[in-house]
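Q: Below is the structure I would like to discuss, written out as structure tokens.
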Amino acid sequence: MTATVRVTSEDELHDWLSDKPESWAQVIASRVALRVLPLIGSVTEAKFSGKMAPERRVISVARANFMSFVACAQRSHKSINAAAGFIDSADASDAYAAFIAAYTAYAAYASGDFAAADLAANTAAVAARINPDVIWRSVSDDATWLKTTDESPPPERGALLLRQPLWQGSVPDWLRAAWSQFANSSLAIEHGFQPWIRWYEALASLDDGRSLRPVFSDALALRIAIQPDEWWDRPAKEVNADIANWLREETASGDRPDPQQDIAEALDTLPPQQPAPYLFDWRDGRMEVLPPDALPEDGGIAQDYLDETREKADDLLEALARSNTDPTIARKVGRLREVLTERAADLRPALVDSRSISVERLAKALDNPQDAAEMPARILADLGDLADTARRLCNCLPALWQRDAERLANSLTPDSASALLHHLDALRDGIKDADIIGPDVQAAFDTLSEDSAEPDADDVRRRRIAMFGLTARNLLTALLRAGKDKLVEYVRNAGKEFYPEFVKAPAKLTVGIGVNVAAACLVIALLGTTSGITKFFPEIERVVRILEALKAGEGKPPAPPASTEPPLNPRTPRPTAEKDPTRPA
């Protein structure tokens, strides 16, 4: 008789659990919900008309999953009775994720009046509506582990199973993509969901092969789980702020020294590149300059993007009028279209930027498997295309970055301006030998350095230095975002698996190791230089401070391993007209 358990339906799972310890049903239910938790972003979608605000829905789903996990892991069901009254507030009409979370919270502590096996089987069946093969295979894996492990007596195996990876193989790509979409969403950042994000990523081992490492100690996890409904019913930002503060207190006390938590949170909240004289992107393993953003009298490239944005918005509005889609989409696209004047010179940059952000967020919220199955593919594609083109238009409007340049320039004294320029020039020199930095990026830094060195009135000079600083901020942002995973890995291993020598390695090796490794290496190599720049940009300064503290105490790193990736193909040459960056206005 084979030891492998194979279940493919609600009835089969119920029958298998019927003579097993109650804790087995509870932990299977909890793990089912945790596997589909990446779909938590679905409860923020505009088309759902539940009773809660989006951030409240996310808190509801997170709380239900967290309670069931803590109850099973610590076998503390009696301490978490709040889950009983809570499940009704996890509005099942909002999304599958909320429905599954409510059932999981119930099944995790159920005993006596209700059979845990019934609720666990039903939870799995609901989750299986999302992807039957994936869900039933993972449930079968859990059942097999519970049946065959000899690490503990049967009643205690449930808690041990929670410490095992959620997936025997790789995390399904569609779940990984859905989680990335939520974790990097403006809602998650603005409402402070980073502690939850770190908890789940550590628990789910989204990076294949990474061992599980709890973010919360058992004491802190229980403290969060037993909070009364009145505490949970506050605004999501306040709830999350309390959790973040408790975690910081625990870390500061020495109970959980975890710089990995700090660096991950700092990188998670890092904003994207902002309007500046130059913006950057990656192509064939190298950073390159995005199209010039100067706006000549005839509108230049901004006029071209404006014409394209107007046309795409009109086409999308026509398609939406013929479709049966949520009117919110047409309303937000229409509001953007209202501020798109015929001439680029007549645009009001702040309004265009604000309404473009609304369209971008909408396109991102709808980019998920569930909406892809329910909405016309053309509308989703056209919405994403409109959002991308509108953002390129915004990046062509000097008023947006000139405003930031003026603000930074006004904050500089003659001495601080000179000190900032010194560090900016050092950054320019530091990227010259880095193969992942394309020649047009280096030429842009040379241009800005030359302009900043020109003798002129003090206010003009400070403004030029500020423009240089905004561009450097974008370069550092691009490097940090590209190297995020490797920087977290560096912090986790305290320098043992990180190789700054890569920056000085031969060009082919540097390109061949991949953008994420090379970008992270360059960030570490430039720490001494960038600290004098990032003090003007707090969102980046936090990351740099954490890395500097670790680098100061690191030992000599080992020699770099041989590249496991083949060198990338040579870059596609730029058109002749784009080879030299345009000097900013």
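The values are calculated or read from the model by the stated rules, or taken from the named source; none is laboratory data. Since the model is a prediction, treat every value here as computed from it, not as a measurement. Because the Cβ atoms are built from the backbone with ideal geometry, glycine has one as well, and the counts that use them run over all protein chains shown. Just so you know, the surface numbers come from the protein's heavy atoms only, side chains and all, with ligands and any DNA or RNA stripped out. Shrake-Rupley method; radii C 1.70, N 1.55, O 1.52, S 1.80 Å.
Q: I'm told Ser418 meets every condition in (1) closer than 22 Å to Arg407 by Cβ; (2) surrounded by 21 or more Cβ atoms within 10 Å (Cβ to Cβ) except one. Can you identify the failing condition by its number?
A: (2)
Q: Any residue in the range 333-356 that's modelled with pLDDT of 80 or more: show its pairings with residues that are part of a loop (DSSP other than H, G, I, E, B) and among the hydroxyl-bearing types (Ser, Thr, Tyr) at Cβ separation under 8 Å, as long as the two are six or more apart or on different chains.
A: Listed pairs, sorted by first residue: Leu347/Thr341.
Q: From the list Arg392, Arg348, which one is closer than 18 Å to Lys312 by Cβ and outside the structural domain of Met467 (by the TED database)?
A: Only one candidate passes the filter, namely Arg392.
Q: Could you list, in sequence order, the residues of the range 49-60 that are aliphatic (A, V, I, L, M) and either at pLDDT below 80 or open to solvent by 10 Å² or more (accessible area, probe 1.4 Å) (or both)?
A: Correct list: Met52, Ala53.
Q: Could you run through the range 333-346 and say how many residues are within 28 Å of the chain's Cα centre (by Cα) and open to solvent by 60 Å² or more (accessible area, probe 1.4 Å)?
A: 1
Q: Find the residue count for the range 213-239, including only residues that are open to solvent by 50 Å² or more (accessible area, probe 1.4 Å), within 21 Å of Ile40 (Cβ to Cβ) and either modelled with pLDDT of 80 or more or in contact with a Ser or Thr (Cβ under 7 Å, 6 or more places away or on another chain) (or both).
A: Selection size over the range 213-239: 6.
Q: Which one of these is of a type in the set (D, E, K, R) and within 27 Å of the chain's Cα centre (by Cα): Glu374, Glu406?
A: One residue alone meets the criteria, Glu374.
Q: I'm checking my understanding of the structure. Among residues of the range 297-321 that are acidic (Asp, Glu) and in a helix (DSSP H, G or I), which one is modelled with the lowest pLDDT?
A: Asp304
Q: Identify, from the list Ala472, Ala426, Ala444, Ala434, the residue that is outside any helix (DSSP H, G or I) and of a type in the set (A, V, I, L, M, F, W, C).
A: Among Ala472, Ala426, Ala444, Ala434, only Ala434 is outside any helix (DSSP H, G or I) and of a type in the set (A, V, I, L, M, F, W, C).
Q: Go through the range 1-33 residue by residue and tally those that are of a type in the set (Ser, Thr, Tyr) and assigned to a helix (DSSP H, G or I).
A: 2
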